[in-house]
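The values are calculated or read from the model by the stated rules, or taken from the named source; none is laboratory data. Because the structure is a prediction, the values reported are computed rather than measured. Using ideal geometry, Cβ is built from the backbone for each residue, glycine included, and neighbour counts are taken over all protein chains shown. The accessibility values were calculated without ligands, DNA or RNA, using every heavy atom of the protein model including side chains. Shrake-Rupley method; radii C 1.70, N 1.55, O 1.52, S 1.80 Å.
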Amino acid sequence: MGLLTFKGGIHPPDRKELTKDKPIAEARPPRTVAIPLSQHIGAPCKPVVTIGQDVKKGEMIGEPGGFVSAAVHSSVSGKVIATGEFPNVMGRMVPSIVIENDGKEEWTILKDNPDYANLSSDELKEKIKAAGIVGLGGAAFPTIVKLSPPKEKPIDTVIINGAECEPYLTVDYRLMLEKPHEIIEGLKVLMKVFGINKGFVGIENNKPEAIKAMGKATRERQDVEIVIHALEVKYPQGAEKMLIKAITGREVPARGLPMDVGVVVQNVSTTFAIYEAVRYGKPLIDRVITVTGEGVRESKNLLIKIGTLISQLIEECGGLQDSTGKIIAGGPMMGFALSSLDMPVTKGTSGILVLPEDKVIHTEEFGPCIRCGRCIDVCPMGLMPSMLSIYSEKGFYEGSKEYNLWDCFECGSCAYICPSKRPIVQFIRLAKSLTKP
Amino acid sequence: MKKNTVIVSVSPHIMSEETVSHIMWTVSLSLFPAFVMAVYFFGPRALFVTALCIISSILSEYFVQKAMKKKITISDGSAFLTGLLLGLNLPASLWSLNPFTIHVPIIGSFVAIVITKQLFGGLGYNIFNPALIGRVFLMASWPRAMTIWNEPTAAFVAFDAKTTATPLGILKEEGIGRLIEVFGDKVNLYTQLLIGHRSGSIGETSIIALLIGAAFLLYKRYITWHIPASFLGTVAVLAWIFGGKGTCLFTGDPLLHLLSGGLILGAFFMATDYVTCPSVKTGQILFGIGCGALTMLIRLKGGYPEGVMFAILLMNCFTPLIDRTIRSKVFGAIKVKTK
Ligand code: SF4
Ligand code: SF4
């Protein structure tokens, strides 16, 4: 049987060998953490602590600022020493709370639920909401919103996204190897939330150990039906719409959401966080990230506290090589290039990638579009990136809407493949910033 | 970090190794077998004419970019490729001192590079295939010199080779019977056409050598099957239906039409030019069918024995239209319309 997949896509070198065999290790406790109040898509949180106040680990420090929002909790025990605007990895200034770690690791009171399997759908959702969980794959969309679709959009399928198609990153891979039972339990919680009894896990075929571990964990749970699907190794296999197409054959309508075809997708890290929230009442205060790239001395998979400064993590990985050219929060295809290391890791940061200078492409030297059509062939959304880039380059921003500008989710496949090295995603973002959908 | 600068730019942060110049040089390389066979059959003249085209194309590009104060891009290989393709589309007889016609390739290169390509905005912006415009210009300006076809001799020193008509010329003027007579028998006709032992443009004759290059490009995915297959398929079908004697339908010889003229060179190496063909696959199939139909219209009904290059140029005109009407299928688009 052929592997499941979608149309289009690219095959960048995956470079996962740098960290795939490194077990998740706990990072050194930070001296201070800077926790942004807006780590998610949606309304920022309202701070509920003031300077000088003592906080416990896991205590809420920011309450949701609306329906599309997620609570923020302290990742350390200690004292609030500052509040104010600090830069985040996307280069914007966001209100944040700085806490000095007293090193005591004192937890606030968490509510343990050994019999979480008997909770109702609403009770489960309440716990997920209280834990401030957002999508940990990068988009950081509040999970509770995904779990509360309107009535006219019934959900009949839950998919766990284990594709991890971004090169270099091995967060979900390590979690699947080390915590397969917890992830399966998390999936069961999600199935319970929607009252359905069939779930899927999609894993790219270059992770046979993960497929094996998850399969084994599944077989030990005979009570529900969970299917593990091996997917073709192709970027962006882990994009929600592509994953849904590969596994269910359903095509999410253009500009639509997975719920429009009755599907909810959660990535592996998020599912693990959901399990911890429901089982132990633990809020989302830490996550696993991959610190990697040829530009850092020792690549690692680290369990880090949200708010830890990137500079500290780099230091823990032996520091930067002399030839550092670019530092990226996230993966090489969709991550953000950083201008400074003094930024905190947030819920949505799945990796820190350091590329040496000789791997950095100087896109300012790009050439004209030779109309080779490669970008069209690889665009998973079936767009014509060549036209989008030409229209934007010439300033016809409105005209680029004719070529479905707003269907682009900036996966970068087009710019990756372009022989003329055209910064297509940059052109697309420019056009998006100057037009309305 | 020794220095204190890092680069900040928009994602993606990694890119494939493929570059425009790599593509151009690889396509040029794929024409090498055909070039070698051409030199074997037509002698040093083939070499000289082609080299002249390549050199004058590169120089044209250099000077026009210099004059227009643009970045000099001769190292990207596109001028080389245009020169090479133009050379392979010319008769070897142009290299002769009597009559004096060696200025012809130079002017053709100038027209290809300066007028067809750079004045339209340079690489990527030209509407027509530069090498083909160059050739058509020469056909219109020096119709006689452009249709003196040397006999293939395989003799390297023969500078005064005999001239003869091309197989398609014979077919048009004297019919299939005479053509078979010239080559002895049918089997020999096909064999000679395959290896390229016939008169014609420098690079078009050796079908085998061209197919080796084409297979290489297909394997490397520098070209896809869409244009060549639809182009050749259309020619074959139309030749079979309408290519017979008189008004008898379905008696034509598709193989003869496939193996002769500049069809293979055109279908694999010229119609597939990225800049001047549609960029969506469905559009490419339509483009190929159009090329095939026009080729056969000219071959069977037109004034010229060969129509491949006119067909491609005519279809080049339609490329913008095809690209505007036939778009790629947007993911999830169908359902949106029904909403
Ligand atoms: S970045 Fe946008 S246009 Fe480019 S391949 Fe991805 S979805 Fe298509
Ligand atoms: S890949 Fe680059 S050169 Fe090719 S069509 Fe797309 S934008 Fe143009």
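Per the helix-only calculation at 222 nm, which mean residue ellipticity applies to chain A, given -39500 (n - 2.57) for every DSSP H run of n ≥ 4 and division by its residues, nearest 500 deg cm²/dmol? About -7000 deg cm²/dmol. The distance between label points at B:Tyr62 and A:Asp322 comes to 3.9 nm (points 7 Å beyond Cα on the Cα→Cβ vector). Residues within the reach of a label modelled at A:Lys46 (point 7 angstrom out along Cα to beta-carbon, backbone nitrogen below 11 Å), restricted to segment A:68-86: there are none. Each of A:Ala82, B:Gly108, B:His22 was scored by the projection of its Cα onto the charge dipole of the protein assembly as shown, and the greatest displacement toward the positive side belongs to B:Gly108; charges sit on the C-beta of Lys, Arg, Asp and Glu. Surface composition of the protein assembly as shown: carbon plus sulfur atoms hold 62% of the accessible area, using a 1.4 angstrom probe and ignoring ligands, DNA and RNA.
Spin-label model, B:Leu297 to A:Glu106: label points 7 Å out along the Cα-to-beta-carbon direction sit 8.8 nm apart.
Averaged across the residues of A:250-256, what count of C-beta atoms belonging to other chains lies within 10 Å of each residue's C-beta?
That average works out to 5.
Of all DSSP bridge pairs formed entirely within chain A, close to 60 percent run antiparallel. What FRET efficiency comes out for the pair B:Thr191/A:His11, r = Cβ-Cβ distance, R0 = 56 Å, nearest 0.05? In this case the efficiency is close to 0.85. For the protein assembly as shown, the antiparallel share of DSSP beta bridges with both residues in that region comes to about 60%. Around the amide H of A:His229, modelled in the peptide plane, lie the amide H atoms of A:Val201, A:Gly202, A:Ile203, all under 5 Å away and 5 or more residues distant in sequence or on another chain. Each Cα pair under 8 Å and six or more residues apart adds its separation to the average, and for chain A the resulting relative contact order is 19 percent.
Here segment A:236-261 and segment B:269-317 have alpha carbon centers that stand 39 Å from each other. Peptide B:116-124 has a mean shielding of 2, counted as Cβ atoms of other protein chains within 10 Å of each residue's Cβ. Of A:Val378, A:Val145, A:Val296, the residue with the greatest mean-square motion in the GNM of chain A, using alpha carbon springs below 10 Å, is A:Val145.
Listed values for segment A:88-99 are Karplus-derived 3J(HN,Hα) couplings in whole Hz (6.51 cos²θ - 1.76 cosθ + 1.60, θ = phi - 60°), namely 9, 5, 8, x, 9, 8, 10, x, 9, 10, 9, 10, and x replaces Gly and Pro. Remark: segment B:126-283 carries 43 Å² of accessible area per residue (probe radius 1.4 Å; ligands, DNA and RNA excluded).
Contact residues in segment B:18-64 (at least 50 Å² less accessible area with all protein chains than alone, 1.4 Å probe): B:Val20.
Along the charge dipole of segment B:1-139, pointing to its positive end and built from +1/-1 on Cβ of Lys, Arg, Asp and Glu, which listed residue (B:Phe128, B:Leu47, B:Phe63) has its Cα farthest out? So the residue furthest toward the plus end is B:Phe63. Total buried accessible area between B and A, probe 1.4 Å, nearest 100: 4700 Å². Taking every protein chain into account, the 1.4 Å probe leaves B:Val182 with about 70 Å² of accessible area, to the nearest ten. Comparing B:Glu151, B:Glu61, B:Glu181 in a Gaussian network model of chain B where C-alpha atoms under 10 Å apart are linked, the largest mean-square fluctuation is found at B:Glu181.
Per residue, the accessible area of chain A comes to 38 Å² when a 1.4 Å probe rolls over the protein heavy atoms.
For segment A:33-140, the set of chymotrypsin sites (Phe, Trp or Tyr not before Pro) satisfying both a DSSP loop assignment and a count of at most 14 other C-beta atoms within 10 Å is given as A:Phe67.
Would you be so kind as to identify all helices of chain B, as entire DSSP H runs, whose Cα atoms reach 18 Å or more along the helix's own axis and whose mean Kyte-Doolittle hydropathy is at least 0.0? Membrane-span-like by this criterion, though nothing is claimed about a membrane: B:44-67, B:226-242, B:281-301, B:308-325.
Subtracting the Cα-Cα distance of A:Glu123 and A:Glu402 from 0.36 nm times their residue separation leaves 95.9 nm of extension gain.
Across peptide A:401-407, the average count of Cβ atoms from other chains found within 10 Å of a residue's Cβ is 2.
Can you work out the FRET efficiency for the pair B:Ile208 and A:Arg219, with r the C-beta to C-beta distance and R0 = 60 Å, to the nearest 0.05? So, using R0 = 60 Å, E works out to roughly 0.55.
Select from B:Leu123, B:Leu297, B:Leu88 the residue whose mean-square fluctuation is largest in a Gaussian network model of chain B (Cα-Cα springs shorter than 10 Å). So, out of B:Leu123, B:Leu297, B:Leu88, the one fluctuating most is B:Leu123. In segment B:252-287, the residues whose accessible area drops by at least 10 square angstrom when the other protein chains are added to the isolated chain are B:Tyr274, B:Val275, B:Ser279, B:Val280, B:Lys281; the probe is 1.4 Å and only protein heavy atoms count.
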